[in-house]
1. Along the charge dipole of the chain, which of S224, T277, Q373 sits closest to the positive end, that is, farthest toward it, with unit charges on the beta carbon of Lys, Arg, Asp and Glu (+1, +1, -1, -1)?
2. If you roll a 1.4 Å probe over the chain with all protein chains in place, what percent of the accessible area is carbon or sulfur?
3. Under the 0.36 nm per residue contour assumption, what length would be gained going from the current alpha-carbon distance of D446 and I193 to full extension?
4. Taking the solvent-accessible surface of protein heavy atoms with a 1.4 Å probe, what is the per residue accessible area of region 148-291 in Å²?
5. Multiplying the sequence separation of S494 and D409 by 0.36 nm and subtracting their Cα-Cα distance, what value in nm do you get?
6. Translational diffusion coefficient of region 496-576 at 20 °C, 1.002 mPa s, Stokes-Einstein with Kirkwood Rh over Cα pairs, in µm²/s as a whole number.
7. If I model a spin label at K11 and N280 as a point 7 Å from the Cα along the Cα→Cβ vector, what separation in nanometres do I get?
8. With a 1.4 Å probe and every protein chain left in place, work out the accessible area per residue of region 26-102 in Å², rounded to a whole number.
Amino acid sequence: MKRKMPFSLTKEKSFYESLNDWIGDTLYDDLTEKGFECRDEQIYMAFQIEQALKEKKVLLAEAGVGTGKTIAYLLPAIAYARYTGKPALISCADETLIDQLVKEEGDIRKISDALKIDIDVRLAKARDQYLCLKRLDEAVDASTEEFAENVYSGLPDFVNGNVSLQSIFPYGERSEYPHLNDEQWKTMNFHPIQQCAACDVRNRCGQTIHRNHYREAADLIICSHDFYMEHIWTQESRKRQGQMPLLPDVSMIVFDEGHLLEYSAQRALTYEVQNHTLLNLLERVMVDGVREETLQLMERLIDVHEHFFRLLQSATEENGDERKAIRKTGEIHSAGKEAISISTALLEEFVFEGELYIIPEYDLKMVEEYLEQYIYSMELFVSENDAVDWLELNENGMTLIIMPRLVTDILKEKLFSSNVPIIFSSATLSVGQDFRYILDSLGIDDFLSFSVESPFDYEEKMEVIAADLNIGEKPEYVMDLLKDGQQTLLLFKSEQSMKRFQAELNEEQRTGIAFEGERELSSIIRDFQQKEISVLCSYHLWEGLDIPQDALTRVIIYDLPFPPHDPLFDARRKHAENPFAEVDLPFMLLRLRQGAGRLIRTSEDSGTVHILLENSEQEMKELIAGIFPVELQTFVKK
């Protein structure tokens, strides 16, 4: 439903001229009178976005910390949505940043209250952020702990009862279960093998109800980059299958922390084959009455599949990275091709099984869909193509990952060829105001751009200290710093690095320290902001975290955030003339700027950034010194 414009439209002025006037009046006068800071950089950014809307262009909007980027894009987005009758889409780097944007004290609420505008904003979270009723039932049956039973008992009455349609409401988001750690949540959330279209409880499913809810948004839909990319890649196939796309048509798109979009695009095109999923699914359809030919094929496929993964594991090297390169051999190719052949024959047998109605319809549909994806993924793996593949090992088993090396052609076709204005907003889109890194990685040709500095006086507010340490001295240095009780964000380049630091601490030292993954992340951030914990350790929160004033007075960069030496980045290095200068260094410098930018969020903030450098890392000081707004100081451990 089209909503009332926040300003009057007349025949004498175009919409864009009226929008320009309204933005100026609002930022110079209306919001300033309500206590907002008047920032020239913010006003400039808002006017540049208005120009991008008018020209329907891609805009790279690089604005330093403290510019007020969110309000700068929210004002034109709300007006444009109401003018076009289609919601504006705001895509954030991850689910945590979505919660930051819509929190009670966030910018959307501030604008709504200050301007007396009822803003209709709805969240479209990734599918794995919702409870799956089918998997919850399985978790209740399988778990010896009470966490699944507690979730089940807390379901709304309409899920299992007969109540009127008026009482149905959205439920089942990850953020509603902060007491669950990530591993517990993964036993009951949506998984890609689930077949929602064939599910008998889909009309009572929280994900379905959320989807119906946000599709009716009038002003703003907020999602993650990952979810938007999944929408882009799947919208055509969903339409062919008679399903609605994951997101409705929108008037414009804002990619907040847009420098991370490339990685979400690659993840959305990723194909995964787990060593245990095929076995679990086939066991579900090995029911009494299944024909002998079908059973024999299933048993053969299980044997070949397990043999294939044993070969994969033996063809990887232990390098400490989560992503392990695979040395492809003739034996691996043969096993993969045999698995494809058996799977194809098994799909044909399932046609006959479906006519006998022996296997439950939902289970059969789930296995058929999975086998089709399994065949496609394995064909990609054994064929000669430009894809990148690797093996991941963790406590839950092995996963073969197949990912395209580059996504630029697909993004050009499916995203940047549209007539929809697209805004990339971030404090770090360029290296020295050179935008080539992000332009080349995303395949953007036609664009507008600008870069403005932060309005803060960093010399008075911020210290950046490079600590020269010997190998193995980082944990001791950190624990010495933490003795003063300051509110500290401790950033790691990877989950493995964080866990190695965690293993160095005894139980007493861990008091007051929260580690990402222990429970739902936004609940940890909330406790940190309220000073219920004094140290937050994370490998994800390099960007987007907004904790002002004395709730965060120190940031410790535990490692220089270089990209890993894994198959994906190795493929990018392989296709670069100067891999360090074109891949590793720009990635590290952009991420380092983002991490340090967590410290100063308002003009009232102050504190220190500590960058820990061991031995060879100390040679990087000259390169990293130039990215900070203050002089880099050096601490040398005696």
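The values are calculated or read from the model by the stated rules, or taken from the named source; none is laboratory data. The structure presented is a predicted model; accordingly, all values stated were derived computationally and were not measured. We place every Cβ from the backbone using ideal geometry, glycine too, and count neighbours over all the protein chains shown. Accessible surface areas use protein heavy atoms only, side chains included; no ligands, DNA or RNA. Shrake-Rupley method; radii C 1.70, N 1.55, O 1.52, S 1.80 Å.
1. S224
2. Working: 13220 of 28850 Å².
Roughly 46 percent of what the probe reaches on the chain is carbon or sulfur.
3. On the way: separation 253, 0.36 × 253 = 91.08 nm, distance 3.87 nm.
Value of the extension gain: 87.2 nm.
4. On the way: 6350 Å² over 144 residues.
Per-residue accessible area for region 148-291 comes out at 44 Å².
5. Numbers: separation 85, 0.36 × 85 = 30.60 nm, distance 2.93 nm.
Roughly 27.7 nm would be gained on extension.
6. Rounded to a whole number, D works out at 145 µm²/s.
7. Placing both labels 7 Å along Cα→Cβ, they lie 6.6 nm apart.
8. Values: 2370 Å² over 77 residues.
Value returned for region 26-102: 31 Å² of accessible area per residue.
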